[in-house]
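Undergrad: Have a look at the structure that comes next, please.
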Amino acid sequence: MGKKGKKEKKGRGAEKTAAKMEKKVSKRSRKEEEDLEALIAHFQALDARKTRIVETPCSPPSPRLNASLCAHPEKEELILFGGEYFNGQKTFLYNELYIYNIRKDAWTKVEIPNPPPRRCAHQAVMVPQGGGQLWIFGGEFASPDGEHFYHYRDLWVLHLATRTWEQVRSPGGPSGRSGHRMVAWKRQLILFGGFHESTRDYIYYNDLYAFNLDTFTWSRLSPSGTGPTPRSGCQMTVTAQGSIVIYGGYSKQRVRKDVDRGTQHSDMFLLKAEEGREGRWAWTRVNPSGAKPTPRSGFSVAVAPNHQTLLFGGVCDDEEDESLEGHFLSDLHFYDPVRNRWFAGQLKGPKVEKRRRRRGKKGEPGGASKQELKGTGAQEPLQVVRELVAEDGTVVTIQQGLAALGPAGQPESDDSDDGTNEAGVPAVEPSPRSSAMLAVKHGRLYLYGGMFEAGDRQVTLSDLYCLDLHKMEEWTVLVEMDPESQEWLEETDSEEDSDEVKGAEGGGESEEDEDSGEEARGEQRPSAAPGEPFADSLPRTEQ
């Protein structure tokens with residue numbers, strides 16, 4: 001009895017100790033959140049000094065990922081907002097607004113009073129009302145030491161016709177998060193999933209919300225059926241029939257103390273509004289056929305002209321307990337919801353007259369000094385190896401007879417009778433990447449930025465590519481970038497240096513921001529806490 005009593009007391013003592021520790025961690029977490037809120041307020045005060053709209057022609061935006069890129073519903077314009085950039089020591093966060101004029105091939109920086117706070121991994125949806133409105137929800141802000149994150153739960157609208165920002169305050173909305181997804185459905189915004197990370201823990205969501213664009217009210221939806229498990233960074237698109245497709249995404253679970261295991265989801269679900277029952281929805285799991293994408297995170301999504309979903313790039317992680325290796329991708333996939341089928345996005349290659357063609361030598365691999373920058377070197381010429389024809393021939397883009405693209409550096413045939421590149425002319429195509437931004441305007445796909453890793457180095461991109469989705473011939477580069485020219489600062493190892501950097505964030509930062517217009521920045525976030533949302537908060541990031 002005595003021994004049993006001692007064990008019980010010991011157990012209760014352990015519980016008390018754990019409770020005290022939990023209380024201490026909770027208090028510290030609240031303090032850190034308060035510090036982040038104070039920092040955000042500081043930068044908002046700087047933004048508040050801007051009292052008039054200023055539009056300045058400018059060079060293309062700086063490198064970034066986890067921003068948002070949307071096509072204007074009425075004009076030949078793309079709208080870029082927010083994002084992040086990591087230089088090896090610090091993460092820069094942005095709330096800049098850029099407009100790209102497609103016809104003029106020109107960028108304009110637009111400064112508007114009282115913009116949303118700096119953020120990345122938010123969601124932005126364009127609707128045509130009132131001359132075009134850009135709706136933004138959530139996202140993430142990093143602390144100066146890169147260890148803590150503030151997840152927004154605010155909702156903003158940019159009125160493009162009047163160039164004004166408005167914060168829409170409505171109760172009952174989603175909790176603070178990043179890596180979520182949001183689409184416009186009829187006169188509503190439908191929001192799904194995402195994640196929230198704190199000092200104490202992290203949580204992934206699979207909840208579903210609707211925001212009514214007429215009444216400006218939130219409502220939480222409770223669909224029938226079994227839906228997706230909690231996740232962030234998934235595909236969410238609306239079909240021509242009015243259903244919503246959810247595919248893939250990323251989540252992580254704790255397998256033991258201080259050890260997490262990431263999951264790259266590859267399942268697909270259909271969300272449908274029930275006929276005759278307003279506000280009632282139902283989940284259905286679907287199993288598409290065809291050339292399915294390999295499991296990945298950090299992929300980018302857009303909707304093609306024929307209502308197919310287009311998926312580009314991402315990163316496939318090989319994860320061990322103490323290490324992670326990522327394979328970055330640049331492939332295209334199309335999902336046809338009518339036929340419930342995936343198709344590989346294969347390019348025909350540019351049309352070249354036969355008389356100009358000649359047999360050429362296979363290109364040599366890039367120099368050893370460049371081999372670490374995965375995917376940045378020029379690829380070998382596109383070669384036609386076969387043609388794919390759709391079963392019913394009704395789809396415009398991928399299902400028409402499209403030439404397959406041979407593996408980079410390995411032309412399949414030198415004697416093809418179909419039009420190909422001239423031998424020796426490298427094909428233009430985006431390098432492999434994750435967390436890039438996509439937008440479609442008049443049947444053309446625009447791809448901007450993103451990131452990839454080369455060893456311990458993270459390369460953030462600022463290039464811009466265009467692909468005609470009707471012709472599916474070749475990518476056109478609109479803005480070039482040499483990844484090797486990007487500054488990369490080595491991580492500070494000593495605690496002393498770390499403290500100095502921390503202190504610098506407190507005072508001199510505001511002067512630098514005020515004088516140079518640089519954005520708020522957090523200290524280094526673990527460069528791709530591998531496989532997980534990198535401030536996105538797309539895995540390996542969002543987007």
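The values are calculated or read from the model by the stated rules, or taken from the named source; none is laboratory data. Everything numeric in this text was worked out from a predicted model, so none of it was measured. Note: ideal-geometry Cβ built from the backbone for every residue, glycine included; neighbour counts use all protein chains shown. The accessibility values were calculated without ligands, DNA or RNA, using every heavy atom of the protein model including side chains. Shrake-Rupley method; radii C 1.70, N 1.55, O 1.52, S 1.80 Å.
Undergrad: Might you tell me the accessible area per residue for the range 233-319, computed with a 1.4 Å probe and given in Å²?
TA: 43 Å²
Undergrad: Grab the beta carbon distance between S62 and A240, set R0 = 45 Å, and tell me the FRET efficiency rounded to 0.05.
TA: It comes out at approximately 0.75.
Undergrad: Let me ask you something else. In whole percent, what relative contact order does the range 46-98 give with Cα contacts below 8 Å and a gap of six or more residues?
TA: Working: 59 pairs, mean separation 13.4, N = 53.
With pairs under 8 Å counted, the relative contact order is 25 percent.
Undergrad: Could you order V301, V157 by accessible surface area, starting with the largest, using a probe radius of 1.4 Å? Please list the in-between numbers first.
TA: Details: V301 45, V157 0 Å².
The residues order as V301, V157, largest area first.
Undergrad: For the range 171-249, rounded, prolate or oblate, judged on the Cα gyration tensor with a ≥ b ≥ c (square roots of eigenvalues), a/c < 1.5 rounded, else prolate if a/b > b/c?
TA: Oblate, since a/c reaches 1.5 and b/c is not below a/b.
Undergrad: Restrict the search to the range 260-328; then list the trypsin sites (Lys or Arg not before Pro) that DSSP places in a loop and that have at most 10 other Cβ atoms within 10 Å of their Cβ.
TA: Within the range 260-328, the qualifying trypsin sites (Lys or Arg not before Pro) (loop, at most 10 other Cβ atoms within 10 Å) are R277.
Undergrad: I would also like to ask the following. Of the listed pairs K50/K252; K90/K348; K292/K348, which have alpha-carbon separations greater than 32 Å here?
TA: Check vs 32 Å cut-off fails for K50/K252; K90/K348.
Undergrad: Assigning unit charges at the beta carbon (Lys, Arg +1; Asp, Glu -1) and nothing else, what dipole magnitude in debye, to the nearest 20, does the range 174-227 show about its Cα centre?
TA: Charge dipole of the range 174-227: 140 debye, to the nearest 20.
Undergrad: Also: Treat each spin label as a single point 7 Å out from the Cα along the C-beta direction, and report the E55 to R169 distance in nm.
TA: 3.1 nm
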